[in-house]
Amino acid sequence: MEVHHPHSHGGLKKWKEHLTEFSMLFFAVFLGFMSEAYLEYKTDRHKEHDYLVSMVEDLQADTSEIATKNIAMNELMTSGNKLTQLAYKKNWTEEDIDTIYLCSINLTSRLVALNFTTGTIDQLKNAGGFRLIRNRVIVKKIAEYEKGKNTIKVQQDALLEKWNNVHKIQNGLIHFNVFIPTKKLGQIEYNKTMLNEIASLTGSKFLKKDRMSFYEYANYINVMKGYVGFYQIMSLMEKQKAAELISIIEKELNH
């Protein structure tokens, strides 16, 4: 006699239903997780892109800054060379005296200190943005560029110290009140008539008449020129690093 088990098929059916529900729940959670991970990935890639674009803009600003300050450094060096040559000249003509005055004001009015753009690099450091940059060559190049900026800053501090020394001794030689600012920004007028009036009252167009003071002046200028020379070389090397880094980043952006 055949025996029937009425509950056996029902139990199997319930087990299959539970398995189906579990599978659907698992895939729902899995798809949710994958969707969230993909969204995070896309967000990170957008951030990476924005950081790299911003970094290129900062580097371009830096190369422009270096180019501008390089012109100022050349002008400073030219003025320094003329002053040191004239300091040891036996007799000065009126033109020589005018040159000493004009070169002296050029020497201490030329802004050569580099002002690097730091917006993007600050964000990368403070927001942990470096982890988003997948190209490790770019990360390495940025680190090298930052290291170069720090070295330049050390040289800059030393240079400014020498510049202050030149300015101090200059204050004891030159009548700076003969320089009058004009309406045009950055332009200074040399009032030779005023200098001649000072000379008629004091017997000299300078605050000191002895040549030893001018030899000392030339000595300080030569020291400063040496620091400016190294600073200029370092800045041009940093400009080259910036150009190389821009090229690498642009290739990554166009990849």
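Each reported figure results from applying straightforward, stated rules to the coordinates on display, with no laboratory input. These numbers come from a predicted model, not from an experiment. Backbone-built Cβ (ideal geometry, glycine too); neighbour counts: all protein chains shown.
Quick notes on this structure:
- Selection of the range 96-148 for residues being in contact with a Gly (Cβ under 7 Å, 6 or more places away or on another chain) and among the charged types (D, E, K, R) yields an empty set.
- Of the residues making up the range 179-205, those that are more than 21 Å from Arg110 (Cβ to Cβ), of a type in the set (A, V, I, L, M, F, W, C) and free of Cβ contacts under 8 Å to residues at least 40 places away in the same chain are Met194, Ile198, Ala199, Leu201.
- Check on Lys225, in a loop (DSSP other than H, G, I, E, B), surrounded by 18 or more Cβ atoms within 10 Å (Cβ to Cβ) and in contact (Cβ under 8 Å) with a residue 12 or more places away in the chain: no
- In the range 244-255, of all residues being in a helix (DSSP H, G or I) and out of contact with any Leu (no Cβ under 8 Å at 6 or more places or on another chain), the one that is nearest to Tyr145 (Cα to Cα) corresponds to Glu244.
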